[in-house]
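Since the structure comes first, as structure tokens, the remarks are kept for the end.
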Amino acid sequence: MQAILISINAWERIMALNPNGLRLSLGDSVAIACEHGQELGKIIEFQELTEAQLQETPIGNIVERVASAEDFSSNNANNRDAEAVLEYCHRAIKKHNLEMKLVDVHTSLDGQRVTFAFIADGRVDFRELVKDLSRHYQKNIRLHQLGVRDEAKITGDIGCCGLTQCCIGHLKKLGNVTSEFAEHQQVVHRGSERLSGVCGRLKCCLAYEESHYQELIGKLPAVGTRVRTKHGRGEVIGWHVLRGSVNVRLDPEKEGDKPIIVEIPIVNKEAEKEK
């Protein structure tokens, strides 16, 4: 089944929807019905989903229509007073003495629901805050907790490369970036400060070449493997992934000799695994 991936704003999760037979193009804005009410979203990707993927990516309600000028006008009107809404919520948070940082606010296209995005170190009991906001605005109130990477997408900044952050431009879906990526690319020695983005987490760009590194690593013998080389037998103690070579500590010819470490290219099969 073909689904369209919809982005409502910088911090809501990407939604997969049935296009409902409409002729749609990448970048089109559409009116959709979802669990948060009627929303205005933008098509960021078309995707063929298998049965297994359908179970992992719940399909929301079908697209209602291509967004009209009236939809854009309503959406702008609903969110015109965002600064004032944020200010009131800031005061309410302070009144209830809650440890949370307010980041953004969004009112749905139908004007029935107001969603406040916030950051907090742990769980926050905001039930009294929701009651306060519901009484004041007479709307459904939803509080949505974000991570620091989501905050960076909203506030925006310049990366160390001198360009606008990827998450603000082309990178719509933030994947999982782990320390293993830095290990595979042999950049751990650069330190956390150089490997961290504006958000304070590992840079998303570490994931861009990960599949290539995985392919190259698959051709190298694991560290600790015993190998035969033209220099003699030894043990693999390190990799040079991009050069396609390994460091081998050769077995000493006699007891007491100082170990010799040599770099051996694997692509030329100058080192073979011992059987």
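Taking the criterion of being under 25 Å from Gln145 (Cα atoms) and modelled with pLDDT under 85, the residues of region 1-11 that qualify are Ala10, Trp11. Of Lys94, Lys153, all but one fail to be assigned to a helix (DSSP H, G or I) and modelled with pLDDT of 85 or more; the exception is Lys94. Quickly run through region 28-45 and pick out the residues that are within 20 Å of the chain's Cα centre (by Cα) and at pLDDT below 90. If the condition is that a residue be within 20 Å of the chain's Cα centre (by Cα) and at pLDDT below 90, then Ile44, Glu45 are the ones that fit. Answer yes or no as to whether Arg201 is basic (Lys, Arg), surrounded by 13 or more Cβ atoms within 10 Å (Cβ to Cβ) and within 29 Å of Leu146 (Cα to Cα). Considered against the rule, which asks whether it is basic (Lys, Arg), surrounded by 13 or more Cβ atoms within 10 Å (Cβ to Cβ) and within 29 Å of Leu146 (Cα to Cα), Arg201 comes out as yes. Looking at Lys95, Lys173, Lys153, Lys139, just one residue is basic (Lys, Arg), touching a strand residue (DSSP E or B) at 6+ places or on another chain (Cβ under 6 Å), more than 30 Å from Leu220 (Cα to Cα) and touching a residue at least 12 places away in the same chain (Cβ under 8 Å), and that residue is Lys139. Determine whether Ser25 is more than 22 Å from the chain's Cα centre (by Cα) and crowded, with 19+ Cβ neighbours inside 10 Å. Against the criterion (more than 22 Å from the chain's Cα centre (by Cα) and crowded, with 19+ Cβ neighbours inside 10 Å), Ser25 does not qualify. Cβ separations smaller than 7 Å between residues 6+ apart or across chains give the following pairs from region 220-235 residues that are of a type in the set (A, V, I, L, M) to residues that are surrounded by fewer than 18 Cβ atoms within 10 Å (Cβ to Cβ): Val223/Ile237; Val223/Gly238; Val227/Glu272; Val227/Lys273; Val227/Glu274. Picking from residues in region 104-150 that are modelled with pLDDT under 90 and basic (Lys, Arg), the one that is farthest from Val177 (Cα to Cα) is Arg123. Of all residues in region 184-197, none satisfies being closer than 23 Å to Glu12 by Cβ and of a type in the set (A, V, I, L, M).
Scanning region 109-120 for any residue that is within 30 Å of Glu87 (Cα to Cα), in contact with a strand residue (DSSP E or B) (Cβ under 9 Å, 6 or more places away or on another chain) and of a type in the set (S, T, N, Q) turns up at least one such residue. Among residues that are surrounded by fewer than 18 Cβ atoms within 10 Å (Cβ to Cβ) and either in a helix (DSSP H, G or I) or modelled with pLDDT of 90 or more (or both), Ala84 is included. For the residues Arg249, Arg228, Arg233, the requirement of being in contact with a Lys or Arg (Cβ under 9 Å, 6 or more places away or on another chain), surrounded by 14 or more Cβ atoms within 10 Å (Cβ to Cβ) and charged (D, E, K, R) singles out Arg228.
The selection criterion, being outside the structural domain of Gly238 (by TED's automatic domain parsing), crowded, with 16+ Cβ neighbours inside 10 Å and of a type in the set (Ser, Thr, Tyr), holds for Thr107.
The values are calculated or read from the model by the stated rules, or taken from the named source; none is laboratory data. Small disclaimer: the values here were computed from a predicted structure and weren't measured. Note that each Cβ is placed from the backbone with ideal geometry, even for glycine, and that neighbours are counted across all protein chains shown.
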